[in-house]
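The values are calculated or read from the model by the stated rules, or taken from the named source; none is laboratory data. These numbers come from a predicted model, not from an experiment. Using ideal geometry, Cβ is built from the backbone for each residue, glycine included, and neighbour counts are taken over all protein chains shown.
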Amino acid sequence: MLLKIFFVRHWPRYGLGILLLIVTDLLSLLIPGAVGKAVDRIGQGDGQVQELLLLIGAVAIAMAILRFLYREFIIGTTRRLEYYLRDQIFKHALYLPMNTYDDSGPGKIMALIVNDVTSVRVAIGLGIMMLVDAVIMGLASFLVMFHNIDPSLTFWSVAPLPFVLVGTAWLGRIVHVRFRRVQEKFSELTEFAQELFGGIKVVKAFGAETRFIDRFSQVNRNNMTANLSLAEIQAIYIPITHVAPLLCYAIALLVGGRLIMEGKISVGDLTAFTGYLGLIIWPVMGLGYLVNIVQRGMASGVRINEFLAMRKHESFTDENASEQAAIDGEIEFRGLSFQYPLASTPSLKEVTLRIPAGETVGIVGRTGSGKTTLLRLLLCLYPAPDGTVYIDGKDINQYEIAGLRKAIGYVPQDSALFSLTIGENIAFGETYDRDRIAEAARRAVVETDIDSRTEGYDTLLGEKGVRLSGGQRQRVAVARALIRNSSVLLLDDVFASLDYKTQNQLVENLHEYEAGRTTVIVSQRVAAVKHARFIVVMDNGRICAQGTHEQLIQAKGLYYKLYEQQLAAGEAT
Ligand SMILES: Nc1ncnc2c1ncn2[C@@H]1O[C@H](COP(=O)(O)OP(=O)(O)OP(=O)(O)O)[C@@H](O)[C@H]1O
Ligand SMILES: [Mg+2]
């Protein structure tokens with residue numbers, strides 16, 4: 001368990017923090033006693049209070065220093081814990097198989113990293129400080145009052161506290177429920193705005209502004225309603241928590257006044273008593289809140305542990321050390337059927353296909369026919385059933401995944417680029433020299449686009465950088481795959497947003513590059529696949545035809561239809 005691992009290393013700081021907190025709490029007990037004594041001396045006409053004042057001053061200074069130190073140690077440790085937990089969760093999340101993302105989505109991981117880590121930190125920081133205060137200061141004050149001043153006075157004065165505690169705990173729970181609702185509504189509001197501004201081009205293009213303004217108003221109003229209902233309950237809760245303690249003081253004055261008149265205690269005793277009462281009341285009143293903090297922290301801790309216990313992909317050994325798998329690149333599918341975890345129907349049905357090492361194969365087919373899925377299974381982004389996918393005659397599930405992936409160059413259909421420079425996006429974590437990057441860019445027909453920018457390969461992309469066109473992004477992604485010099489190359493629809501001149505140039509370059517490499521080209525463009533050794537036509541998760549360009553033309557099926565359309569448009573040559 002993570003917390004244990006963390007505290008094994010960090011307990012000296014944290015433990016010292018708690019120790020200093022206890023000392024501070026005990027020191028604070030000296031003050032009411034000293035004040036009481038001073039009052040008595042003044043009452044007796046004795047002006048000798050200097051040493052008491054000195055004591056109070058010294059204790060105050062010592063407490064200030066101790067407070068600084070224990071906060072530094074305790075809060076400091078919890079901030080380190082927060083850092084550590086976030087790092088662990090992030091690292092774990094990156095190595096989880098894709099299907100866990102389909103189940104829970106990035107939202108759940110974000111919630112873990114943001115909310116759950118925070119509530120664990122609060123429980124271990126603020127929670128522990130409140131607990132120590134309540135136990136040490138509350139209990140010790142009680143004992144001092146009971147023992148040194150007067151038992152019956154103590155009893156009557158603290159008698160209302162249990163009732164106040166139950167009442168405020170009950171109200172506090174309602175506050176908490178409403179507070180959660182406010183948080184929910186607020187995150188709905190920010191998510192709505194984020195999504196809207198992310199897609200602002202579409203909204204404007206469709207003239208849908210007013211519709212979104214209305215919907216935003218609704219979300220905004222929900223947020224306000226939730227806030228109003230919270231404010232309402234807080235309007236009751238806050239005065240009660242502030243007024244209720246006064247009841248204890250009233251009783252103390254009433255009962256204490258009588259005891260003074262009876263000569264059982266002195267005025268100084270009563271003064272000290274009210275001081276101790278002050279030390280008890282707040283920690284005790286805070287007990288309800290403390291329980292809440294601890295419960296939340298524990299629930300979050302359980303969620304974090306459950307997440308971290310989620311199985312990594314089986315064949316990951318050591319994530320960083322994986323060497324590129326030495327493969328020739330023969331790919332074989334044997335009766336492969338596959339269904340996504342959340343889907344109701346299979347996306348691939350009985351796919352059987354052999355691609356000899358070093359050959360180029362084209363895959364065409366209607367949208368949704370399973371082309372992308374086939375490539376994802378080759379990358380082990382989703383686990384294929386045992387005995388259905390083989391590379392070099394070995395079941396894909398027997399490979400060490402990271403090493404296998406390194407041996408495969410992949411250009412996804414929606415090429416994700418990151419907020420890095422163009423050069424870094426191409427090298428993608430590996431160290432290649434500039435010439436090699438430029439060579440990959442040249443092959444991917446994106447070199448001139450990059451050279452035309454003043455900063456060339458150092459041009460920053462992403463949020464704070466420049467935007468590339470759809471076709472430019474595609475080709476940067478192609479360069480990223482080509483530079484790896486892998487034995488297998490998977491291209492998913494990389495020609496879709498290219499003009500025909502660029503497409504033909506890229507096809508030509510790839511053709512040159514493909515020599516000796518197993519290459520799978522998914523495309524709807526006949527020109528992109530016709531030079532392939534053979535072409536597979538997919539329909540509804542199945543392979544419905546396969547053969548060379550000429551054979552498929554003669555078969556007059558789906559491929560022929562595509563060819564005719566593109567021929568008519570003058571594009572197929
Ligand atoms: N993560 C997923 N979860 C559930 N179903 C999915 C998932 N990804 C794809 N599918 C479904 O699997 C089927 C095949 O999808 P796939 O992306 O492989 O098609 P494709 O042939 O690549 O289509 P396109 O030409 O449009 O890219 C589709 O019906 C799709 O809805
Ligand atoms: Mg696809």
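Within the stretch 526-535, track down each residue that is away from ligand 2 (no atom under 16 Å from the Cβ) and either free of Cβ contacts under 8 Å to residues at least 24 places away in the same chain or among the hydrophobic types (A, V, I, L, M, F, W, C) (or both).
Those that are away from ligand 2 (no atom under 16 Å from the Cβ) and either free of Cβ contacts under 8 Å to residues at least 24 places away in the same chain or among the hydrophobic types (A, V, I, L, M, F, W, C) (or both): Val526, Ala527, Ala532, Phe534, Ile535.
Checking Phe418 against (1) more than 15 Å from Leu490 (Cβ to Cβ); (2) within 16 Å of ligand 2 (Cβ to nearest atom); (3) in a loop (DSSP other than H, G, I, E, B), which single condition isn't satisfied?
Just one mismatch for Phe418, condition (2).
Among the residues of the stretch 401-418, is there at least one that is hydroxyl-bearing (Ser, Thr, Tyr) and over 27 Å from the mean Cα position of the chain (by Cα)? Lay out the reasoning, then the answer.
Quick first cut of the stretch 401-418, residues hydroxyl-bearing (Ser, Thr, Tyr) only: 410, 415.
Those still in the list that are over 27 Å from the mean Cα position of the chain (by Cα) too: none.
Looking through the stretch 401-418, none of the residues is hydroxyl-bearing (Ser, Thr, Tyr) and over 27 Å from the mean Cα position of the chain (by Cα).
So if I check each of Lys464, Lys556, Lys561, which one is within 30 Å of Arg436 (Cβ to Cβ) and free of Cβ contacts under 8 Å to residues at least 60 places away in the same chain?
Lys464
Rundown of residues vs (1) buried (at least 16 other Cβ atoms within 10 Å of the Cβ); (2) in contact with a strand residue (DSSP E or B) (Cβ under 9 Å, 6 or more places away or on another chain); (3) farther than 26 Å from His147 by Cβ; (4) of a type in the set (Asp, Glu), yes/no style:
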position	(1), (2), (3), (4)
Leu21	yes, no, no, no
Gly36	yes, no, no, no
Ile42	no, no, no, no
Ala60	no, no, no, no
Met63	yes, no, no, no
Phe68	no, no, yes, no
Glu72	no, no, yes, yes
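Mind listing whichever residues of the stretch 494-525 are buried (at least 21 other Cβ atoms within 10 Å of the Cβ) and touching a residue at least 60 places away in the same chain (Cβ under 8 Å)?
Residues satisfying the conditions are Val494, Leu506, Leu510, Thr518, Thr519, Val520, Ile521, Val522, Ser523.
Does at least one position in the stretch 469-478 carry a residue that is part of a loop (DSSP other than H, G, I, E, B) and touching a residue at least 40 places away in the same chain (Cβ under 8 Å)?
Of all residues in the stretch 469-478, those part of a loop (DSSP other than H, G, I, E, B) come to 469.
When the remaining residues are screened for being touching a residue at least 40 places away in the same chain (Cβ under 8 Å), the result is none.
No, there is no match, as no residue in the stretch 469-478 is part of a loop (DSSP other than H, G, I, E, B) and touching a residue at least 40 places away in the same chain (Cβ under 8 Å).
In the stretch 338-388, which residues are under 23 Å from Thr100 (Cα atoms), touching a residue at least 60 places away in the same chain (Cβ under 8 Å) and part of a strand (DSSP E or B)?
Leu348, Lys349
Filter the stretch 332-388 down to the residues that are more than 15 Å from ligand 1 (Cβ to nearest atom) and among the polar types (S, T, N, Q), then identify the one that is nearest to Arg542 (Cα to Cα).
Across the stretch 332-388, the extreme among qualifying residues is Thr352.
Name the single residue that is surrounded by the fewest Cβ atoms within 10 Å (Cβ to Cβ) among those in the stretch 333-371 being of a type in the set (Lys, Arg) and within 16 Å of ligand 2 (Cβ to nearest atom). Even if it seems obvious, please write down each step before you answer.
As a first pass, look at the stretch 333-371 and keep what is of a type in the set (Lys, Arg): 334, 349, 354, 366, 371.
Narrowing the set further to residues that are within 16 Å of ligand 2 (Cβ to nearest atom) leaves 366, 371.
On the way: Arg366: 15, Lys371: 23.
My answer is Arg366.
Quick test of your reading of the structure: Ile61 fulfils all but one of (1) touching a helix residue (DSSP H, G or I) at 6+ places or on another chain (Cβ under 8 Å); (2) under 28 Å from Ile128 (Cβ atoms). Name the failing condition by number.
(1)
So which pairs qualify, if the first residue must be in the stretch 430-449 and surrounded by fewer than 16 Cβ atoms within 10 Å (Cβ to Cβ), the second must be of a type in the set (Val, Ile, Thr), the Cβ gap must be under 7 Å, and the two must be at least 6 apart or on different chains?
Pairs that qualify, where the first residue is surrounded by fewer than 16 Cβ atoms within 10 Å (Cβ to Cβ) and the partner is of a type in the set (Val, Ile, Thr), are Arg436/Ile483.
I'd like to know if the stretch 404-414 contains one or more residues that are within 16 Å of ligand 1 (Cβ to nearest atom) and free of Cβ contacts under 8 Å to residues at least 40 places away in the same chain. Steps first, please.
Looking only at the stretch 404-414, we keep the residues that are within 16 Å of ligand 1 (Cβ to nearest atom), and these are 410-414.
Remaining after also requiring free of Cβ contacts under 8 Å to residues at least 40 places away in the same chain: 414.
Yes, the stretch 404-414 contains a residue that is within 16 Å of ligand 1 (Cβ to nearest atom) and free of Cβ contacts under 8 Å to residues at least 40 places away in the same chain.
Going residue by residue through the stretch 213-225, is there one that turns out to be under 30 Å from Leu270 (Cα atoms) and either assigned by TED's automatic domain parsing to the domain that holds Phe273 or of a type in the set (Gly, Ala, Ser) (or both)? Break it down into steps so the answer makes sense when it comes.
Kept after step one, since they are under 30 Å from Leu270 (Cα atoms), are these residues of the stretch 213-225: none.
Within the stretch 213-225 (the criterion being under 30 Å from Leu270 (Cα atoms) and either assigned by TED's automatic domain parsing to the domain that holds Phe273 or of a type in the set (Gly, Ala, Ser) (or both)), the answer is no, since none of the residues qualifies.
Counting only residues that are farther than 20 Å from Ile543 by Cα and aromatic (Phe, Trp, Tyr), how many does the stretch 389-403 have?
1
Here are the criteria: (1) within 16 Å of ligand 2 (Cβ to nearest atom); (2) assigned by TED's automatic domain parsing to the domain that holds Val364. Tell me which single one Gln474 does not satisfy.
Evaluating Gln474 over (1) within 16 Å of ligand 2 (Cβ to nearest atom); (2) assigned by TED's automatic domain parsing to the domain that holds Val364 leaves (2) as the failure.
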